[in-house]
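Everything below concerns the one structure shown next.
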Amino acid sequence: MNNRDNAYDIVIVGGGPAGLAAAIYASRDRFRTLLLERGLIGGQIVNADQVDNYPGFPDGISGEEATGLMHRQATKYGLETVNADVTGIELNGEAKLVRTGSGDYTAGAVIIAGGTERQKLGVPGEEQYTGKGVSFCAICDAAFFGGKTVAVIGGGNAAITEAMHLTKFAARVIIIHRRDQLRATRVDQEKAFAEPRLEFRWDTVVTEIKGGDFVQGLRLRNVKTGAESDLPVEGVFISVGMRPYTDYLKDIVPRDEKGAILVNENMETQVPGIFAAGDIRHNSGLQMITAAGDGATAAMSAGKSLRK
Amino acid sequence: MSEPVKIDEISDGNFGKIVLESEIPVLVDFWAPWCGPCRMVAPVVDELAAEYQGRINFAKVNVDEDPKIAGQYGIMSIPTLIVFKDGKPFSNIVGFKSKAELKKNLDEVLS
């Protein structure tokens, strides 16, 4: 398995802002660098039409454009990119073996920057009705619920943004939150409270998603009183947060109780030669700029580890 | 790496001919321009189109331009990938899925 074509100095898992910033730094330091991305280059930020808080863009920039520029920058310095999904990372003596659905690669150092995925509710009916009324993407699916009654589960910024988007299509949007106050930014909360098509169910959790061929309703429970009730809805949008995309890693690097990879301030994991950056790492700031910062730090640490 | 294959955008008018009357299975990618995950899965679908050329055909339906077909197959979430075999839906995949997961599905269709 000593195929020179598949041997790299640094392999980066994930092509979002963290991976891309790492790619720029690694490539410019003349390391043979490979970026592996299973979907679209740019990661989740490509869903953002306008990013207003990434430094350097007073008029905002789309996530897609910003990450496109980052990728072009890294490629200019020699980055290689392959569209592949990483299924495992193994230690092979001093080297690391990165397994993907389309082949394996060896690396001197690996930077894990694979981001997060949507948190599920974990209630009966959720799997069964995904695509049949249960959705994890309001932007994608709002158009299918024109004139209908839908529920949004969650209380943070994402839930409020999704609920406000849905009010443009649905007749009624009901936010179901397990606490008695929202976690979202105040300005956005105010807009939500002022929106007539938005209703709120506080201190409430969903215990079951029910229906026939499609979603017909929710079984709810009040967490303070224990009282149960039924709410007829035709759509359920689940927005209860993100979880690190790390299940495939198993135990190769220590993670926190949420699955986020543990790192020090140099983005080093507890395994020499393996680094982590971006939303996937413990205590991430979850911003595009913090991800990019992590990526650069991780690449510099990886470079140091290879040249000592 | 196989040569890239262009995936046709189909509409209500030619859906029957290209999908339902096809002799080999057809994967139909239901998508819309505003849908981030749809754009994420697009390069994966493009690669699969090249790898399965001759064994499975690929087509795309823009649900914004063609809501009728989407409604006919009960699409309420995008991306949805439906693999049609002998004119009927054989498998139905909702949301972004990795290449490995999709290949598993396609190999099942062919077996």
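Bear in mind these aren't lab numbers, they're just calculated from the coordinates by the rules spelled out. These numbers come from a predicted model, not from an experiment. Cβ coordinates were reconstructed from backbone atoms using ideal geometry, including for glycine residues, and neighbour counts include every protein chain displayed.
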Loop-resident sites, the stretch A:18-70, for trypsin sites (Lys or Arg not before Pro), counting at most 13 other Cβ within 10 Å (DSSP)
A:30
Computed E for residue A:69/residue A:120 - FRET, C-beta separation, R0 22 angstrom, nearest 0.05:
0.05
Projected area of the protein assembly as shown, taken from the Cα convex hull and averaged over every viewing direction, in nm²?
22.0
Between residue A:59 and residue A:187, what is the FRET efficiency for a Förster distance of 22 Å, r being their Cβ-Cβ separation, to the nearest 0.05?
0.65
If a paramagnetic tag sat 7 Å from the Cα of residue A:102 along the Cα-Cβ line, which residues of the stretch A:31-58 would have the backbone N under 17 Å from that point?
A:34-43
Phi to ³J(HN,Hα) by Karplus 6.51 cos²θ - 1.76 cosθ + 1.60 over the stretch B:66-76, Hz, x for Gly, Pro:
10, x, 5, 5, 4, x, 4, 9, x, 6, 10
For chain A, the helices passing both cut-offs (Cα extent along own axis of 18 Å or more, Kyte-Doolittle mean at least -1.0, full DSSP H runs) are A:288-307
Which residues' amide hydrogens lie under 5 Å from the amide hydrogen of residue B:9, considering only partners 5 or more residues apart or on another chain, with H built in the peptide plane?
B:60
I'd like the trypsin sites (Lys or Arg not before Pro) in the stretch B:48-111 restricted to DSSP loop residues with at most 14 other Cβ atoms within 10 Å, sorted by number.
B:55
Qualifying trypsin sites (Lys or Arg not before Pro) in the stretch A:197-246, DSSP loop, other Cβ atoms within 10 Å at most 15:
A:197, A:224
Which FRET efficiency value, to the nearest 0.05, is calculated for residue B:73 and residue B:14 with the Förster distance at 22 angstrom and r the Cβ-Cβ distance?
0.90
Label points 7 Å out from Cα along the Cβ direction at residue A:250 and residue A:264: separation in nm?
2.7
Before rounding to the nearest 500, sum -39500 (n - 2.57) across all DSSP H runs of length at least 4 in chain B and divide by the residue total; then give [θ] at 222 nm in deg cm²/dmol.
-10000 deg cm²/dmol
Partner shielding of A:43-51, as the mean number of partner chain Cβ atoms within 10 Å, equals 2
Hey, how many Å between the Cα centroid of the stretch A:47-99 and the Cα centroid of the stretch B:22-93?
27
Length gained when the stretch residue A:306-residue A:172 is fully extended (0.36 nm per residue, less Cα-Cα span):
42.5 nm
Simple SL model, points at 7 angstrom along Cα→Cβ for residue A:194 and residue B:34; separation in nm is 2.2
Provide the gained length on full extension for the span residue A:50 to residue A:165, in nm with one decimal, where the gain is 0.36 nm per separating residue minus the Cα-Cα distance.
39.9 nm
Within 10 Å of each Cβ of A:128-136, how many other protein chain Cβ atoms are there on average?
4
Kindly work out what percent of the DSSP beta bridges joining two residues of chain A are antiparallel, to the nearest 5.
45
